[in-house]
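J.: Dumping the structure here so I can ask a few things about it.
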Amino acid sequence: MPKRHARAACTALAAAGLLLAGTGGAIADSAPAAPSAAATLRTADAPPELLAAMQRDLGLTPTQAKARLAHEAEAGAAAARLRDRLGTAFAGAWVDGADAGTLTVATTRAADTAAIRAGGARAKLVGRTLADLDAARAALDRAAGPATPVRYVDPRSNTLVVEEAEAGAAAALLAATGTDPAGVTVVRTAGAPRPLYDLRGGDAYYMNGSGRCSVGFPVTKGSVNGFATAGHCGRAGTGTSGFNQVAQGSFQASVFPGNDMAWVAANTQWTATPYVKGSGGANVQVTGSVLQPVGASVCRSGSTTGWHCGTIQQHDTSVTYPEGTISGVTRTTVCAEPGDSGGSYISGSQAQGVTSGGSGNCSGGGTTFFQPLNPILSAYGLTLKVGGSDPGPGPGPGDPEPGGTWKAGTVYAAGATVTYGGSAYRCLQGHQAQTGWEPPNVPALWQRV
């Protein structure tokens, strides 16, 4: 079984019919090679500041960090294709190894293991589907309190994990909800998560001249410039000033608890840029919003602790803060401290989300949670500001429009279907569409059906 997911991409090309004909080396049908997932996400363009932070926090050399980003991109695409194929039997996927060179996909159906291996992954047969574990977590969410502050599905152990701040709290929660303890792992936690109110994500901003949070990701809405950030930082109508204390704008919408999302519209003195503030103040460029898989590396920018990296532990985690429960956040090993809230999480050049809260600190280590960015973009009709070279060719001047329902700027979730150029496609990885990422151009993101 191949270990490197770049090889899986080659296998996918062969399966698509892009084979060398005879001994002459001609490509059958003269079809152009489809870009790999790593090429689509431009992992080779990762900035030196991000690679240096990965070296410091993950113990990697720059070469290993680049390899890891490429492997993670290929693993995300392979896992998405296999999830689509396995359907209800899918039980999760994750990457392992210092360079993320091993992808494992879990299933409850023994007949799926051959297909998983053919897709470039290790197969693991388990007893519970991801959907079943998610349903059990949702039941716990409705009854959880501060004594059981964090719940999430751990695909590696195929269990639902409940963190308890008080002895016996998890057992009481399971009993109250009728949840079978056989599928639950209880973990004792010393520090309960709390919103990290004084955060910075790239640059600081101030709410009504007092509290401070951080810009998550610059966005536009029509001709208006602004940024996405955490909902607990302010309510609709809350005024903001920038890092330089110059009047900046105001919150247009905010949700917290439930979710932890908001966006701020800036005045004409401020312009959105495609950057996150990295180590030493250097710009880290954002080129898209493809959410990366469990086990992938992720880095965070914050005004208190600066630039730190770790890995994604679980998606779709539920957390109960003193203010209430939020769902759908991602759990990470990245450290944070008060003053880091609202800030940016980025994997390679792909925007992941904004800092919500956490526990621990950057001296002894900690756990943080981010609100994924794509739901914020979708909820408020925002367009992520992206930069870099043109990701790919759209229709050329004078070319006929291909037609279809696909549209740049739309946020597509995994499983969504569109038409483009007379063909139907299914979304494999959630992302905001952009020119150059038309479905035929990016097989890492879309599969023809």
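Taken together, the values in this text are just the output of simple stated rules run on the coordinates, not laboratory data. None of these values were measured; they are calculated from a predicted model. Cβ: placed from backbone, ideal geometry, glycine included. Neighbour counts: every protein chain shown.
J.: Expressed in nm to one decimal, what extension gain is obtained for the pair D134 and A379 from 0.36 nm per residue of sequence separation less their Cα-Cα distance?
T.: Difference between extended and current length: 86.0 nm.
J.: Sort the range 290-449 into rounded, prolate or oblate with this rule: let a ≥ b ≥ c be the square roots of the eigenvalues of the Cα gyration tensor; rounded if a/c is under 1.5, and if a/c is not under 1.5, prolate when a/b is larger than b/c, oblate otherwise.
T.: Prolate, since a/c reaches 1.5 and a/b exceeds b/c.
J.: Could you work out the percent of alpha carbon pairs in the range 121-192 separated by over 22 Å, rounded to a whole number?
T.: Value for the range 121-192 (Cα pairs over 22 Å): 19 percent.
J.: When N is the residue count of the range 83-227, what does its C-alpha Rg come to as a fraction of 2.2 N^0.38 Å?
T.: Computed over Cα atoms of the range 83-227, the ratio equals 1.39.
J.: Efficiency by 1/(1 + (r/R0)^6): what FRET value for A176 and T417, r their Cβ-Cβ distance, R0 = 45 Å, to the nearest 0.05?
T.: That pair, A176 with T417, gives E of 0.70.
J.: Under a no-solvent Debye model with one identical scatterer per Cα of the chain, what's log10 I(q)/I(0) at q = 0.13 Å⁻¹?
T.: For the chain, the Cα-only Debye profile gives -1.19.
J.: Give me the log10 of I(q) over I(0) for the range 241-358 at q = 0.10, 0.14, 0.23 Å⁻¹, as the Debye formula computes it from C-alpha points; what are the numbers?
T.: Debye curve over Cα of the range 241-358, log10 I(q)/I(0) at q = 0.10, 0.14, 0.23 Å⁻¹: -0.32, -0.64, -1.52.
J.: Something else now. Name the residues whose placed amide hydrogens come within less than 5 Å of the amide hydrogen of T410, ignoring near sequence neighbours (fewer than 5 apart) on the same chain.
T.: A433
J.: Moving on. Report the far tail of the P(r) of the range 307-348, meaning the percent of Cα-Cα pairs longer than 17 Å.
T.: In whole percent, the long-distance tail amounts to 41.
J.: Using a cut-off of 18 Å between alpha-carbon atoms, which aspartates and glutamates can reach K124, once sequence neighbours fewer than 8 places away in the same chain are excluded?
T.: Output for K124: D84, D96, D112, D132, D154.
J.: Also: Could you tell me what % of all Cα pairs in the range 200-252 have separations over 14 Å?
T.: Of the Cα pairs, 46 percent sit more than 14 Å apart.
J.: Oh, and also: Would you list which lysines come within 25 Å of K221, measuring only between C-alpha atoms, while excluding same-chain residues fewer than 8 positions from it?
T.: Cα-Cα hits under 25 Å: K277, K385, K407.
J.: Follow-up. Which of A172, A37, A100 moves most in a GNM of the chain, Cα contacts under 10 Å?
T.: It is A172.
J.: Shifting gears a bit: Are there any helices in the chain, counted as whole DSSP H runs, that stretch 20 Å or more along their axis by Cα and score at least -1.0 on average by Kyte-Doolittle, and if so which?
T.: 62-86
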